[in-house]
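Notes to accompany the following structure.
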Amino acid sequence: MSATDPLDEQTGNRQLTEVARRALDEATGRGATEADAAVSRSQGFSVTVRLGDVETVEYNRDKNLVVNVYFGHRSGSASTSDFSPRAVADTVRAACSIAKYTAEDECAGLADRDRLATEIPELDLEHPWELALDDAIDLARECEHRAREVDPRITNSEGATISTHGGTEAYANTHGFEGLVSGTRHSVSCAVIGEQDGLMQRDFWYSATRDPAELESPRHVGDAAARRTLRRLGARQITTREAPVLFEAPVAASLLSHFSAAARGSSLYRKASFLLDQLGQPVFPAFVRIHEQPHLPKAVGSAPYDNEGVATVNRDLVTDGVLQSYVLDSYSARKLGMQTTGNAGGLRNLTIESGGLDLAGLLKEMDTGLLVTELIGFGVNVVTGDYSRGAAGFWVEHGEIQYPVEEITIAGNLKDMFQRIAEVGNDVDTRGNIRSGSILLENLTIAGA
Amino acid sequence: MTELIETAKNTLLAPGGLDMRDLDAVFAKMITPNVDYADLYFQYTRQESWLLEEGRVKSGSHNIEQGVGVRAVTGEKSGLAYSDEIILPALTEAATAARAISRQGGNDVSHAITWSDGRAPRLYRSEDPLVSLDDTDKVRLLERVEQEARRQDPRIKEVIASMAGVHEVILIARNDGALSADIRPLVRLNVTVIAEHNGRREQGSTGGGGRVSYEYFTDELAMGYAREAARQALVNLEARDPPAGTMPVVLGPGWPGILLHEAIGHGLEGDFNRKGTSAFAGRIGESVASSQCTVVDDGTMPNRRGSLSVDDEGNPTQNTVLIENGILKAYMQDAMNARLMGVAPTGNGRRESFAHLPMPRMTNTYMMPGDMDPDEIIASVDKGLYAVNFGGGQVDITSGKFVFSASEAYLIEHGKVGPAVKGATLIGNGPDVLTRVSMVGNDLELDPGVGTCGKEGQSVPVGVGQPTLRIDGITVGGVRV
């Protein structure tokens with residue numbers, strides 16, 4: 001079974017658009033003044049091999065219709081996984097029924113007509129993987145086998161997983177917009193356990209791309225998983241102190257996700273953001289540039305238009321450290337008296353511009369401090385910027401890793417933490433929707449023994 | 001349960017023209033000599049949510065989802081396929097896919113399974129909670145909650161209130177002929193407020209619910225949520241920076257029981273222990289907590305958010321003693337891990353939906369009360385932290401390190417509750433944190449019913465609870481060195 005079935009595909013895609021149209025007709029038939037419909041389907045499978053044998057095989061096949069209706073400025077929303085004409089009609093009726101009870105809201109409604117995408121750029125997002133189940137099992141086996149042969153201290157495994165998925169979403173609204181986007185996503189991942197002096201550590205690695213040809217080899221992923229686990233063996237707590245902290249690229253993206261949450265329109269009009277009234281202000285040091293690249297070919301976060309059909313554009317959020325723009329959909333933009341930034345559904349390929357140093361260079365630059373490779377917990381308050389999270393990583397002296405560290409927290413306030421960014425590395429992690437190199441911060445509070 | 005099973009068949013099988021003989025044919029596709037276990041999980045879910053902000057209910061949504069998950073298990077292998085169409089061709093196709101793990105085709109010879117109705121006490125009512133209140137009254141309740149929160153203080157600037165209800169019908173058919181059904185209501189009401197003073201903004205958040213109808217939210221209860229959220233936000237307006245380092249911590253009763261969920265709960269789930277990946281693996285019978293600690297996982301509490309009459313594999317839930325007077329007694333099991341470990345299932349097999357594989361999950365996890373007066377416990381601390389409300393937590397079950405984040409906390413100075421401090425994350429080591437519990441209060445409380453637990457991408461509703469307790473030393477992730 002492959003991620004997409006080409007025979008089915010054209011018929012299937014036509015069906016998605018037809019379901020969307022039917023929902024819009026049903027809504028206008030019931031007196032809605034505006035409506036939109038998003039209709040999606042996805043399919044694929046994943047296989048996990050643990051200790052050399054198949055552990056799970058999961059086939060996925062999902063579909064969904066979400067419809068929003070507006071009666072003037074009253075809105076309602078409903079969804080279903082059933083595309084039968086009767087279910088579509090029932091779903092639209094449920095949305096219309098809700099709109100009878102919701103209050104007038106002058107900001108509610110579709111995106112303004114003149115903001116809808118008129119040209120749809122080709123972003124090269126669909127690369128099906130013609131992968132038989134047995135071949136997927138072999139790849140997962142190869143990945144885990146490599147992880148387990150690296151060192152005798154690798155004593156156990158959570159397994160290796162190969163997954164391949166594809167999907168298509170149609171979006172249409174009563175302003176006459178109709179669009180269809182298909183994409184694929186594939187991954188190889190592995191997590192193994194090491195043991196030393198009776199204590200265990202676990203770590204993992206993964207590769208995820210839209211094009212299977214660009215995946216890291218299973219062997220490479222297994223090797224990385226084993227090495228990341230091994231280096232954590234013998235971890236200890238350090239004493240409470242203040243020190244510089246270097247966020248390794250895979251966790252540095254989380255700092256930008258907090259920025260993105262605080263810059264989101266819904267946080268701002270609710271006055272629930274530490275970035276309130278910061279437009280035009282130096283939120284970062286002057287060397288920092290943060291931008292959005294929604295049209296990067298093959299990238300995970302790429303999209304030609306947003307969840308309201310508004311054209312997405314390359315744009316700066318932070319230039320020379322100054323906050324240039326918020327992250328807005330039509331509703332939050334109207335609430336704030338601004339224009340949508342094409343961010344219904346979020347930011348796409350949010351990127352922080354890299355400096356010239358790689359990870360080794362950043363360690364030298366830090367000299368003495370903490371390299372953080374894992375963060376756990378949810379201790380981030382977007383209203384105040386207060387930040388306190390569990391961490392694991394390595395103590396660094398003279399630019400060299402000394403020993404692994406665990407059972408500590410790092411804490412500060414994001415407003416100060418953003419200002420204390422000293423360097424952004426060129427070791428960019430491109431696996432997710434946020435693209436960042438490792439980030440070096442001046443002093444933070446580390447709590448430990 | 002027979003009556004529930006009939007209702008579930010009518011909801012789930014009849015619309016697609018299915019009867020029990022059709023299920024025989026589906027099992028025939030899946031059952032080969034080396035398939036140990038197979039089940040079909042039919043599910044219909046209807047849910048709604050309503051959101052109030054800026055004084056008005058501005059949005060609402062309604063969702064209907066249904067489908068069937070088909071699972072085959074061979075030794076340690078599981079195959080899952082599912083369909084959102086409950087019709088025979090889709091079931092047959094899913095069955096063929098799910099048996100791929102057994103590496104053998106089915107004999108396709110239909111043999112009649114002798115179906116027997118399961119038995120379990122009913123822990124909640126089966127009426128659809130969404131219709132337990134008129135939509136107009138749902139809107140009015142949220143409006144009153146908003147007004148009550150705002151009324152508390154002019155510094156309350158924003159109020160966000162939401163309510164949600166779920167009506168779920170489940171039918172589980174197993175290859176051993178056991179047939180089970182459940183009809184599960186679930187409602188919740190949440191309030192978040194933002195208070196502002198002199199340019200400083202802080203929030204407070206609370207809520208509650210359970211496997212009940214909306215009638216559960218009496219005026220007294222709902223207005224209480226509003227006042228509590230406002231109170232927390234106002235406390236936080238005065239809060240100072242929290243201290244950093246290892247110190248004695250007193251945890252309040254109720255929701256701080258998230259300590260147990262993270263520190264030991266996940267580490268005692270059967271899958272991690274069967275695989276030997278948990279820091280608690282192979283430690284049954286050992287001392288893992290102070291002798292004052294007895295911790296249970298109880299899925300049988302009527303009307304509670306974490307409760308289930310039967311788990312998602314059709315096994316009745318139970319009250320499982322995990323730790324008794326400090327000694328590790330048992331793990332939480334689903335059917336597969338119980339079989340592989342040679343123990344009985346404990347009714348902890350849960351799945352987010354038909355599209356997910358079941359695994360061992362918690363229900364309501366709490367510590368039994370001790371005999372200390374909570375005031376005495378606070379008075380015993382010279383310098384430390386008193387934490388009474390928490391946000392989320394997380395654990396690395398292999399290293400045992402866990403965190404949970406306080407959202408309302410105070411300094412303890414010379415045995416007295418001192419000034420409020422801002423939230424901070426607490427980090428500890430699961431296998432030894434409970435050995436440092438030196439005092440357990442007599443004031444057991446359960447959380448108000450808003451907890452959701454995530455594991456391997458699957459979310460399920462859970463409950464936690466505990467009495468006031470003192471931990472002699474845990475690392476507090478503050479900013480003040």
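Summary table below
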{"item": "Where a residue in the stretch A:324-342 is more than 12 Å from A:Ser267 (Cα to Cα) and its partner, wherever it lies, is aromatic (Phe, Trp, Tyr), with Cβ under 8 Å and at least six apart", "result": "A:Met338/A:Tyr326; A:Thr341/A:Tyr326; A:Gly342/A:Tyr305"}
{"item": "Positions within the stretch B:460-481 being more than 23 Å from B:Gly370 (Cβ to Cβ), of a type outside the set (Val, Ile, Thr) and either away from chain A (no Cβ under 14 Å) or part of a loop (DSSP other than H, G, I, E, B) (or both), in sequence order", "result": "B:Pro461, B:Gly478"}
{"item": "Given (1) more than 20 Å from the chain's Cα centre (by Cα); (2) within 14 Å of another protein chain (Cβ to nearest Cβ), number of the condition B:Phe404 does not satisfy", "result": "(1)"}
{"item": "Number of the exception - A:Pro152 against (1) in a strand (DSSP E or B); (2) closer than 24 Å to A:Phe204 by Cα; (3) more than 14 Å from chain B (Cβ to nearest Cβ)", "result": "(1)"}
{"item": "Sole residue being surrounded by fewer than 19 Cβ atoms within 10 Å (Cβ to Cβ), touching a Ser or Thr at 6+ places or on another chain (Cβ under 7 Å) and more than 18 Å from B:His356 (Cα to Cα), chosen from A:Ala78, A:Ala87", "result": "A:Ala87"}
{"item": "A:Phe378 buried (at least 23 other Cβ atoms within 10 Å of the Cβ), within 21 Å of A:Ser267 (Cβ to Cβ) and aromatic (Phe, Trp, Tyr)", "result": "no"}
{"item": "Condition check for A:Tyr403: in a strand (DSSP E or B), at the interface with chain B (Cβ under 10 Å from one of its Cβ atoms) and either over 20 Å from the mean Cα position of the chain (by Cα) or touching a residue at least 24 places away in the same chain (Cβ under 8 Å) (or both)", "result": "no"}
{"item": "Filter result (buried (at least 19 other Cβ atoms within 10 Å of the Cβ), among the aliphatic types (A, V, I, L, M) and in contact with a Gly (Cβ under 9 Å, 6 or more places away or on another chain)) within the stretch A:124-164", "result": "A:Leu125, A:Ala140, A:Ala147, A:Ile154, A:Ala160"}
{"item": "Test result for A:Val67, at pLDDT 95 or above, more than 30 Å from A:Glu106 (Cα to Cα) and not assigned by TED's automatic domain parsing to the domain that holds A:Thr161", "result": "no"}
{"item": "Yes/no for A:Phe259 being within 14 Å of another protein chain (Cβ to nearest Cβ) and under 17 Å from A:Thr384 (Cα atoms)", "result": "no"}
{"item": "Where A:Gly31 falls short, out of the listed (1) closer than 26 Å to A:Tyr331 by Cα; (2) at pLDDT below 95", "result": "(2)"}
{"item": "Qualifying residue in the stretch B:242-261 (condition: part of a strand (DSSP E or B), more than 14 Å from chain A (Cβ to nearest Cβ) and surrounded by 22 or more Cβ atoms within 10 Å (Cβ to Cβ))", "result": "yes"}
{"item": "Residues (under 22 Å from A:Gly309 (Cβ atoms) and among the hydrophobic types (A, V, I, L, M, F, W, C)) located in the stretch A:99-112", "result": "A:Ala99, A:Cys107, A:Ala108, A:Leu110, A:Ala111"}
{"item": "Only one of A:Arg185, A:Arg241, A:Arg210 that is of a type outside the set (S, T, N, Q), farther than 27 Å from A:Val54 by Cα and either out of contact with any helix residue (DSSP H, G or I) (no Cβ under 6 Å at 6 or more places or on another chain) or buried (at least 18 other Cβ atoms within 10 Å of the Cβ) (or both)", "result": "A:Arg241"}
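Residue by residue, here is whether (1) among the β-branched types (Val, Ile, Thr); (2) under 30 Å from A:Pro297 (Cβ atoms); (3) more than 14 Å from every other protein chain (Cβ to nearest Cβ) holds:
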residue: A:Trp395; (1), (2), (3): no, no, yes
residue: A:Ala411; (1), (2), (3): no, no, no
residue: A:Met417; (1), (2), (3): no, no, no
residue: A:Ser438; (1), (2), (3): no, yes, yes
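The values are calculated or read from the model by the stated rules, or taken from the named source; none is laboratory data. Predicted model, so just to flag it, every value in this text is computed and none were measured. Note: ideal-geometry Cβ built from the backbone for every residue, glycine included; neighbour counts use all protein chains shown.
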